[in-house]
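The values are calculated or read from the model by the stated rules, or taken from the named source; none is laboratory data. In this text the structure is predicted, and so the values were computed from the model without any measurement. A quick note on method: Cβ atoms are made from the backbone with ideal geometry, for glycine too, and the neighbour counts reach across all protein chains shown.
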Amino acid sequence: MKKILLLIGLMLLSATSKAEDVLQKLQSLMNVEPSVEVNLGAAMLGLLSGMTSEEKQVSDVMKNLTEIAVRVYDLDDEEFKGDLSQIKSFINATAGEMKALGMQQLAAIREDDSTVYIMADMDEDKMQGLSVIALDDDSELVVIKIGGQIMMKDLAGLMDRFDVDLGDIDM
């Protein structure tokens, strides 16, 4: 029994470190600083959740989050000297690794100049994490990683609140 618990613990640590490594691998691949970089930990998210108490739906989603990390890279920038085909390969390989770790692919868009993956770490009626990797028009790369418990009912309420309609998206 102890061996099984140790193995499960090591698998969880491995999954967590791989998710964190994605942003580090991306940074070394890009060889340029992101134009937008956001890193919010549990303490800051808790503070923001308390500040949005008037917006109950926003507060309900934020109160259980442990992290939000966002990176935006402008690929049209003169400083960017990277290889777009290498970036697309990285995106596809990363999505494959996430699937192998047990994450569910919620959406994938593969077009000539756009590649998007939305991946979720699901546990029955809640998400434990959400990752979005989007290469748009071969000119901008956006990576969003959200950690923590996201209740589906809270997310649905938030989407209603901001009139988000996913009906036009083919998944």
Where a residue in region 120-136 is more than 14 Å from A107 (Cα to Cα) and of a type in the set (A, V, I, L, M, F, W, C) and its partner, wherever it lies, is at pLDDT below 80 and part of a strand (DSSP E or B), with Cβ under 9 Å and at least six apart:
M127/I150; M127/M151
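Do we have K81 as within 25 Å of M127 (Cβ to Cβ) and of a type outside the set (V, I, T) here?
On the way: within 25 Å of M127 (Cβ to Cβ): no; of a type outside the set (V, I, T): yes.
No: the conditions fail for K81.
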Residue pairs meeting the criteria (Cβ under 7 Å; at least 6 apart or on separate chains; first surrounded by 13 or more Cβ atoms within 10 Å (Cβ to Cβ), in region 81-105; second modelled with pLDDT of 90 or more and basic (K, R))
Q105/K99
Of E78, E111, which residue is within 23 Å of V32 (Cα to Cα), surrounded by fewer than 15 Cβ atoms within 10 Å (Cβ to Cβ) and of a type in the set (D, E)?
E78
How many residues are in a loop (DSSP other than H, G, I, E, B) and not aliphatic (A, V, I, L, M) when one looks only at region 75-95?
8
Complete set of residues in region 50-82 that are farther than 15 Å from M151 by Cα, modelled with pLDDT under 80 and of a type outside the set (D, E, K, R):
G50, M51, T52, S53, F80, G82
What is the one condition in (1) assigned to a strand (DSSP E or B); (2) under 22 Å from S35 (Cβ atoms) that D138 does not satisfy?
(1)
